[in-house]
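Participant: The structure under discussion is supplied below as structure tokens; questions concerning it will follow.
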Amino acid sequence: MDMSSFDGRKRAEEGVFEPLRHPYTGEPLATGKGAPGFYVRGTAARSVQMRLAEMQKEAKDAAKDDETQEAAMERLHERLIDGAMKYIIRADDKMEYDGQPVGEDPELIRKVLDGTFPEMRIVKDVDGSPITHEIKDDNGELIEVPKFEMANEPFAQQMIKAAEDGSRFFGKTSKG
């Protein structure tokens, strides 16, 4: 058996196409040839591993204690976009932004990703009561706060999930 067909790292480097889906319904924005989406590398790709190492260094510059909730959400949004940019190779050939082909243009790719913003909601149990967890306040005292989850799946998050799905990159040969 020729094991080269199971070279997941090679396929992860070459990338796969991920169509864009509606952030709330999960339905594809379009289907067939020319559907909007991006070609993304997988997390096992050597080039991605280098980018992820850089991103981890940057992530150590975490949240500021005095930032507002809006600023924290904007920072989360920017991190999602930065994360997705590590995987994206290029847009589908027919995808445009304001009449310009997106292609490999990082500025236009960022504009597409910036078009959908993450929304958070409080996680609730089966009875509809908020689920909480304990954190320490500024005085070191434990307090209970609601647990939050993302209520939608912005385009950037979709690309990150596609890149992290190792099964998409394993067991097939490239048709390049």
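Participant: Around residue 96, what is the net charge, scoring Lys/Arg as +1 and Asp/Glu as -1 over all other residues with Cβ under 12 Å from its Cβ? Let's see the in-between values first.
Facilitator: On the way: positive: 94, 111; negative: 92, 93, 98, 105.
With Lys, Arg at +1 and Asp, Glu at -1, the neighbours total -2.
Participant: Give me, ordered by chain and number, the residues 5 or more places off residue 120 or on other chains with an amide H under 5 Å from its own placed amide H.
Facilitator: The list, which skips near neighbours in sequence, is 151.
Participant: Another question, if that's okay. Can you put 95, 150, 1 in order, fewest other beta carbons within 10 Å first? Each step should come with its number before you reach the end.
Facilitator: Details: 95 20, 150 14, 1 5.
Final ranking by Cβ density, sparse to dense: 1, 150, 95.
Participant: Moving on to the next point. Can you tell me how much longer the chain between residue 150 and residue 31 gets when fully stretched, taken as 0.36 nm per residue apart minus their C-alpha distance, in nm with one decimal? If you can, show how the numbers build up before the last one.
Facilitator: Numbers: separation 119, 0.36 × 119 = 42.84 nm, distance 2.56 nm.
Stretched out fully, the residue 150 to residue 31 stretch lengthens by 40.3 nm.
Participant: May I ask you to sort 22, 133, 77 by Cβ crowding, counting other Cβ atoms within 10 Å and putting the fewest first?
Facilitator: Numbers: 22 12, 133 9, 77 18.
Going from sparsest to densest Cβ surroundings: 133, 22, 77.
Participant: Just subtract the alpha-carbon distance of residue 70 and residue 135 from 0.36 nm times their residue separation and send over the number in nm, one decimal. Don't skip to the answer; put the middle values down first.
Facilitator: Numbers: separation 65, 0.36 × 65 = 23.40 nm, distance 2.02 nm.
Using 0.36 nm per residue and subtracting the Cα-Cα distance, I get 21.4 nm.
Participant: Further question: Taking K and R as +1 and D and E as -1, what net charge do the other residues with C-beta under 12 Å from the C-beta of residue 152 add up to? List each step's numbers first, then the result.
Facilitator: On the way: positive: 21, 121; negative: 119, 149, 153.
That sum, taken over residues with Cβ under 12 Å, equals -1.
Participant: Continuing with the same structure: Between residue 46 and residue 143, what is the FRET efficiency for a Förster distance of 30 Å, r being their Cβ-Cβ separation, to the nearest 0.05? Walk me through the intermediate numbers first.
Facilitator: On the way: r = 44 Å, r/R0 = 1.47.
So, using R0 = 30 Å, E works out to roughly 0.10.
Participant: Using each residue's phi in segment 124-136, evaluate 6.51 cos²θ - 1.76 cosθ + 1.60 at θ = phi - 60° and report the 3J(HN,Hα) Karplus result to the nearest Hz, with x for Gly and Pro.
Facilitator: So the J values, rounded to whole Hz, are 10, 7, 4, 8, x, 8, x, 8, 10, 9, 9, 9, 8.
Participant: Give the aspartates and glutamates whose C-alpha is closer than 17 Å to that of residue 124, dropping any in the same chain fewer than 8 places away, or say none.
Facilitator: Within the straight-line limit of under 17 Å, residue 124 reaches these aspartates and glutamates: 134, 144, 149.
Participant: Along the Cα→Cβ direction, 7 angstrom out, place labels at residue 94 and residue 167. What is the inter-label distance in nm?
Facilitator: 2.9 nm
Participant: Another question about this same structure. Output ³J(HN,Hα) for segment 86-95: one whole-Hz value per residue in order, computed from phi by the Karplus curve 6.51 cos²θ - 1.76 cosθ + 1.60 with θ = phi - 60°, and x for Gly and Pro.
Facilitator: Per-residue couplings from phi come out as 5, 9, 6, 8, 6, 8, 4, 4, 9, 6 Hz.
Read the figures in this text as sums done on the coordinates, not as results from a lab. These numbers were taken from a predicted model, which means no experiment stands behind them. Here Cβ is always computed from backbone atoms with ideal geometry, including for glycine, and neighbour counts include all displayed protein chains.
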